[in-house]
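Following: one structure in structure tokens, then a few remarks.
Bear in mind that the values in this text are calculations on the coordinates, not laboratory data. As the structure is a computational prediction, the values presented were derived from the model and not from experiment. Every residue, glycine among them, receives a Cβ derived from its backbone with ideal geometry; neighbour counts consider all protein chains shown.
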Amino acid sequence: MDTILTNSKARHEYHIEETLEAGIVLTGTEVKSLRAGKGQIRDAFARVDENEVWLFNAHIDEYSHGNTANHEPKAPRKLLLHKKEISKLFGFVAIKGKALVPLSFYWKNGKVKVQLAIGQGKASSDKRESIKKRDSDRDIQRAMMRRR
């Protein structure tokens, strides 16, 4: 599993409850641009519409050697999931405060896959608590390293 893009903001903004793997429908220039590592999914989110899952706000830069048929950078992209998975996601997302968030894009057997997460939005106090915990863990690690 070779990671292409990661969403660093997702784990800070959401309590991740469950993750799943989804395929994504891409054009040739989008794949070539991803091979070059050009894109970001920080503000991306997924939505279930009429038994299909779509990814919005994922920015994949235009391919530098593309021609007039180059892709649109922020176009909605269809995610590929089984019907059971889609109906399960629809049930989760119907609950207020839940969101479908992409955690990463990665290569699997020559195909681009999306790690999709069901997340519950964090309150600002939870975010502060996470930052405090991360800082204290970092201080503990530094103290342990000094003792060695």
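Cα-Cα pairs above 22 Å in segment 2-122: how many percent?
Details: 2291 of 7260 pairs.
For segment 2-122, the fraction of Cα-Cα distances above 22 Å is 32 percent.
Ordering Val114, Asn67, Leu55 by the projection of their Cα atoms onto the charge dipole of the chain, which places +1 on the Cβ of Lys and Arg and -1 on the Cβ of Asp and Glu, puts Val114 at the extreme positive end.
The Cα-based radius of gyration and maximum Cα-Cα distance (Dmax) for segment 76-148 are 18.5, 54 Å.
With 10 Å bins beginning at zero, the pair-distance distribution over Cα atoms of segment 1-54 amounts to 17, 49, 31, 3 %. Please give, to one decimal in nm, the separation of the simple spin-label points placed at Val25 and Phe90, each 7 Å out from Cα toward the Cβ. Here the modelled spin labels are 1.7 nm apart.
Less than 11 Å Cβ to Cβ from Glu30, Lys/Arg counted +1 and Asp/Glu -1: what total charge do the surrounding residues give? Could the numbers behind the result be given before it?
Values: positive: Lys32, Arg35, Lys38, Arg77; negative: Asp61, Glu62, Glu72.
Net charge in that neighbourhood comes out at +1.
Lys88: which lysines have alpha carbons under 26 Å from its alpha carbon, excluding same-chain residues fewer than 8 sequence positions away? The qualifying lysines are Lys9, Lys78, Lys96, Lys98, Lys108, Lys111, Lys113, Lys122. Of the trypsin sites (Lys or Arg not before Pro) found in segment 1-59, the ones in coil according to DSSP and having at most 16 other Cβ atoms within 10 Å of their Cβ are Lys9, Arg42. Across segment 47-108 the C-alpha pair distances fall into 5 Å bins from zero in the proportions 4, 14, 21, 21, 17, 10, 7, 4, 1 percent.
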